[in-house]
Amino acid sequence: MCIRDSCGTAQSPKDVTDTIAQAGLAAVRARAFITDSPKVLDNEIAAINQLLCTRCGECLKCPFDALSINENGRVVLDPLICTGCGYCTELCREGAVQIAGFTKSQLKAELEGVLEEGDVLGFVNSGISSLTCDNIGNSVLTYPSSVKLIKVPTCLIVDRDLVLHAFRHGASSVLFVEDPPDSPRAEVIYPLTVSHFEKLKEELGDSGKRIHFKKAYVPNIKGLAGTFTSLAREGEMIK
């Protein structure tokens, strides 16, 4: 077995809980690969508002080449190529590109519904990061109820306006929880997310000290739970 594809104690020393969690993920991936059932396209892809689009071409920097200009001069999306990473939403200064199901207004409404004063708000990549968070609950570990999590396709769609909106509605801190670069898609997205995060910290000035970044691995549920707990304690201190 290739070391890259191994899991559990075949990869490195792990306890039983971590081994079972990682083996479960490997089984899910294997089943998805070998199944003969029809594939349903993920609808969490970019949507273009042609009324707002200025044809500036910035979104054409998509790392997956999912966007192009058609014969009528309009920006168009190839839904078979788009991964829904959200990088185009960062590039577009006009707000003409958003991810279906994760528009800024939808995310603002969601965080308004969950946040209370002093809470920690975590934006969690819906892939490995989300599974890691779920496995915290499936293990003997816990984290404070003041930690509120919102799933996103990737943290690239979380912009300055959304972070400030969270602070205005009581968040003591905002945490980006992102997938590690252990797949072809993540190898492209992860460095873009890190760069996006560092840019946000600079733009936010003093408020930038209240945003944090965490790379989530399924075997490292203890580390993620510890980060949640530490940030929650800091939030309690500033209430």
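Structure summary
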quantity	calculated
All positions within the stretch 144-182 that are surrounded by 22 or more Cβ atoms within 10 Å (Cβ to Cβ) and under 18 Å from Asn220 (Cα atoms)	Leu175, Phe176, Val177, Glu178, Asp179
Hits in the stretch 103-117 (condition: closer than 16 Å to Glu44 by Cα and surrounded by 15 or more Cβ atoms within 10 Å (Cβ to Cβ))	Thr103, Lys104, Leu107
Lys108 being in the same structural domain as Asp179 (by TED's automatic domain parsing), of a type outside the set (Gly, Ala, Ser), at pLDDT 75 or above and within 26 Å of Phe123 (Cβ to Cβ)	yes
Filter result for Pro219 (part of a helix (DSSP H, G or I), in the same structural domain as Val120 (by TED's automatic domain parsing) and closer than 16 Å to Ser129 by Cα)	yes
Selected residue [under 12 Å from the mean Cα position of the chain (by Cα), among the aliphatic types (A, V, I, L, M) and at pLDDT 95 or above] from Ile150, Ile128	Ile150
Residues of the stretch 68-93 that turn out to be surrounded by 14 or more Cβ atoms within 10 Å (Cβ to Cβ) and closer than 28 Å to Val174 by Cβ, as a count	11
Residue in the stretch 37-45 that is within 30 Å of Ala216 (Cα to Cα), in contact with a strand residue (DSSP E or B) (Cβ under 8 Å, 6 or more places away or on another chain) and at pLDDT below 90 present	yes
Test: residue in the stretch 185-206 that is touching a Phe, Trp or Tyr at 6+ places or on another chain (Cβ under 6 Å) and not in a helix (DSSP H, G or I)	no
Answer from Arg74, Arg93 - the residue that is basic (Lys, Arg) and touching a strand residue (DSSP E or B) at 6+ places or on another chain (Cβ under 9 Å)	Arg74
Residue check, Ser139 among the small types (Gly, Ala, Ser) and in contact with an Asp or Glu (Cβ under 8 Å, 6 or more places away or on another chain)	no
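The values are calculated or read from the model by the stated rules, or taken from the named source; none is laboratory data. Treat the numbers as computed from the prediction; the structure is a model and nothing was measured. No Cβ is skipped: glycine too gets one built from the backbone with ideal geometry, and neighbour counts run over all protein chains shown.
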